[in-house]
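Written below as structure tokens is the structure these notes are about.
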Amino acid sequence: MKPKDFFKNETLLFDRQSGGELHVLNCFPNTYEVGMASLAYQTIFRLYASHPQTHAFRYFTNAQEFFPKELDLITFSISWELDFFNIFDILQKLQIPILASERDASHPVILAGGPVVTANPAPWAKYFDLIAIGDSEANTNLIIEKCIQFRRNDLAAYIDIPGIYVPSAKQEFIERAKSSNKEMQVSSVIAPDSVWQDTGLVEVVRSCPEMCRFCLASYLALPFRTPDLEGDLIPKTKMLLEHTKNIGLLGASVTQHPEFIDLLKFLVDQKAKIQVSSMRASTVTREMCELLVKGNSKNITIAIESGSQRLRDIINKKLPEEYIFSAAKAASEAGIKQIKLYGMVGLPHETDEDIEATKDLLMRLKNNNKTLKIIWGCSIFTPKAQTPFQDYGVDAKASDKLKNLIRALKPHGIEVRDESYSWAEVQALISRGDSSVGEIMLKAYQMKNTGANIYRKLMSPEDYRYFVFENWEEKTEYPWHMLLSDAQKRVLESHKQDALAKQQ
Ligand code: SF4
């Protein structure tokens, strides 16, 4: 069967350049449908493809734009730990050595960016020439300028770009690159074949001020940023509405934008079909839900993490139970049909009583809102670098806890959407790993072994346990130590102590 030509169905919303001397391949290590649903990837593509001195092309695992053999720069946008398999595969298909140390000046510069490598670049360091730490808007033009000047002849020349980590050079500290409020993002392509079909995406907030102790989306992108409604969000949204009625509002915690209700009112006036990413329960009101229903939304998503007040306090969720009930009531009364609650099992300091509390809360919520479909989306806690819970390992009993929840909730009409426990272990391994874990990633790829159990087999039991399960009590040097300032270390430690104090 002929591969589908995704690209011809798109509407490009920016002036794409094609005459520049720098040939750039923007790779997304997953399918076109997933890649074009990523506003971060769309932004990378726009930043490179709109620059007058570049000619940029896109590469997905199932679709590629026609690109020249001679490339100068290849970027990879990495959004989750398990992307490495596809990254190694793409490098191999492009006939580029996977190990950076085996490349020479004739090869393109290979750059990685995204939250996974911004949190902990250590397992990835052997495979990339440059790793972009932080917001891409802050340094892409500088990368282009340097690349025009040096290509791959002198990688150390890139170290003076803000947020650029050059694994082959000596850098004691790399400060994360941060963009301003003005540089928040909006779709640059309307893609009918994206997972967000034919939708214009708008970044409503960046980071989140709540600082739940496990949350990468908050800690890794601080400070919390909100673009101006009149001067920024409305003009951007109007531009999108000229091309599509479908608008997706994105951000770690969109409803915390101070003018979120006004943005919804504007979109309803424009007869837009609105989709919203996860909402914070304490901000959900009847008026907000009614506007969403007018905007054709039939469901909302709220992350509560746990039904236990004790555990929510430990993780700093700042979410009294009444807010969860009032959000569900507001949604139900406004005509929302389905509420998806996100949660986790295996959070640090979780006890069996906390699991019972989750069951109890969800059943009471269902009893109080009989017509509302309730879905419990339950993941397994995995530690993320540069958060206060970076020191905590995976709970080996998490799988049993999850099964216990599923058994209890299903008969009460609550659908549970769970995630694989084995892959949570692998995610934890990579998120806290060092270069030795990077070597295991490569071995797994070379064996073409796509199972989650291979990592355990390739490592000593002590090493596997250390990275995946162990609680790191007195860790002085993290694999990501070069990204932590003294001030950041103090904040992370004090927030960890705050959680410890609350569990006693
Ligand atoms: S409220 Fe949500 S986005 Fe904000 S810090 Fe907590 S988990 Fe992260």
### Message
Quick test for you: out of 174, 148, pick the one residue that is touching a residue at least 60 places away in the same chain (Cβ under 8 Å), out of contact with any helix residue (DSSP H, G or I) (no Cβ under 9 Å at 6 or more places or on another chain) and on the phi < 0 side of the Ramachandran plot.
### Response
148
### Query
Does residue 451 satisfy being at negative phi, among the small types (Gly, Ala, Ser) and touching a residue at least 60 places away in the same chain (Cβ under 8 Å)?
no
### Task
Quick one: in segment 279-317, of everything that is touching a Gly at 6+ places or on another chain (Cβ under 9 Å) and within 16 Å of the ligand (Cβ to nearest atom), which residue is farthest from residue 218 (Cα to Cα)?
307
### Message
Quick test of your reading of the structure: residue 59 fulfils all but one of (1) touching a helix residue (DSSP H, G or I) at 6+ places or on another chain (Cβ under 7 Å); (2) touching a residue at least 60 places away in the same chain (Cβ under 8 Å). Name the failing condition by number.
### Response
(2)
### Task
Scan 217, 281 and give me the residue that is closer than 30 Å to residue 349 by Cα, more than 20 Å from the chain's Cα centre (by Cα), buried (at least 17 other Cβ atoms within 10 Å of the Cβ) and of a type in the set (A, V, I, L, M).
281
### Message
Tell me yes or no: at least one residue of segment 304-325 is of a type outside the set (Lys, Arg), over 30 Å from residue 492 (Cβ atoms) and modelled with pLDDT of 95 or more.
### Response
yes
### Query
From the list 34, 24, which residue is buried (at least 16 other Cβ atoms within 10 Å of the Cβ), under 17 Å from the mean Cα position of the chain (by Cα) and modelled with pLDDT of 95 or more?
34
### Task
Looking for whichever is of a type in the set (D, E, K, R), away from the ligand (no atom under 14 Å from the Cβ) and not assigned by TED's automatic domain parsing to the domain that holds residue 316 here; the options are 230, 172. Which one fits?
172
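Every residue, every condition in (1) of a type in the set (A, V, I, L, M); (2) assigned to a helix (DSSP H, G or I); (3) farther than 19 Å from residue 122 by Cα; (4) not assigned by TED's automatic domain parsing to the domain that holds residue 124, yes or no:
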position: 406; (1), (2), (3), (4): yes, yes, yes, yes
position: 429; (1), (2), (3), (4): yes, yes, no, yes
position: 438; (1), (2), (3), (4): no, yes, no, yes
position: 449; (1), (2), (3), (4): no, no, yes, yes
position: 464; (1), (2), (3), (4): no, yes, no, yes
### Query
Can you find a residue in segment 473-489 that is over 30 Å from residue 99 (Cα atoms) and in contact (Cβ under 8 Å) with a residue 24 or more places away in the chain?
yes
### Message
Of everything in segment 43-58, what is of a type outside the set (Lys, Arg) and either in a loop (DSSP other than H, G, I, E, B) or touching a Phe, Trp or Tyr at 6+ places or on another chain (Cβ under 7 Å) (or both)? Give them in sequence order.
### Response
50, 51, 52, 53, 54, 56, 57
### Long-range neighbours under 7 Å by Cβ, at least six apart or interchain, first residue of a type in the set (D, E, K, R) within segment 258-277, second assigned to a loop (DSSP other than H, G, I, E, B)
271/245; 273/245; 273/295; 273/296
### Task
Give 119, 105 a once-over and let me know the one that is in the same structural domain as residue 71 (by TED's automatic domain parsing), among the aliphatic types (A, V, I, L, M) and within 23 Å of residue 80 (Cβ to Cβ).
119
## Note on the structure
Within segment 220-251, of all residues that are small (Gly, Ala, Ser) and within 14 Å of the chain's Cα centre (by Cα), the one surrounded by the most Cβ atoms within 10 Å (Cβ to Cβ) is 251
### Task
Would you be able to say whether some residue in segment 321-335 is away from the ligand (no atom under 16 Å from the Cβ), farther than 23 Å from residue 501 by Cβ, outside any strand (DSSP E or B) and in contact with a Ser or Thr (Cβ under 7 Å, 6 or more places away or on another chain)?
yes
#### Entry: Looking only at segment 161-190, and only at residues there that are acidic (Asp, Glu) and either touching an Asp or Glu at 6+ places or on another chain (Cβ under 7 Å) or modelled with pLDDT of 95 or more (or both), the one that is surrounded by the fewest Cβ atoms within 10 Å (Cβ to Cβ)
175
## Note on the structure
Those residues of segment 66-84 which are surrounded by 15 or more Cβ atoms within 10 Å (Cβ to Cβ) and either modelled with pLDDT of 95 or more or more than 24 Å from residue 444 (Cβ to Cβ) (or both) amount to 67, 71, 72, 73, 74, 75, 76, 77, 78, 84
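The values are calculated or read from the model by the stated rules, or taken from the named source; none is laboratory data. Here the structure is a predicted model, which is why all the values come from computation and not from measurement. Methodologically, a virtual Cβ is constructed for each residue, glycine included, from the backbone with ideal geometry; neighbour enumeration extends over all protein chains shown.
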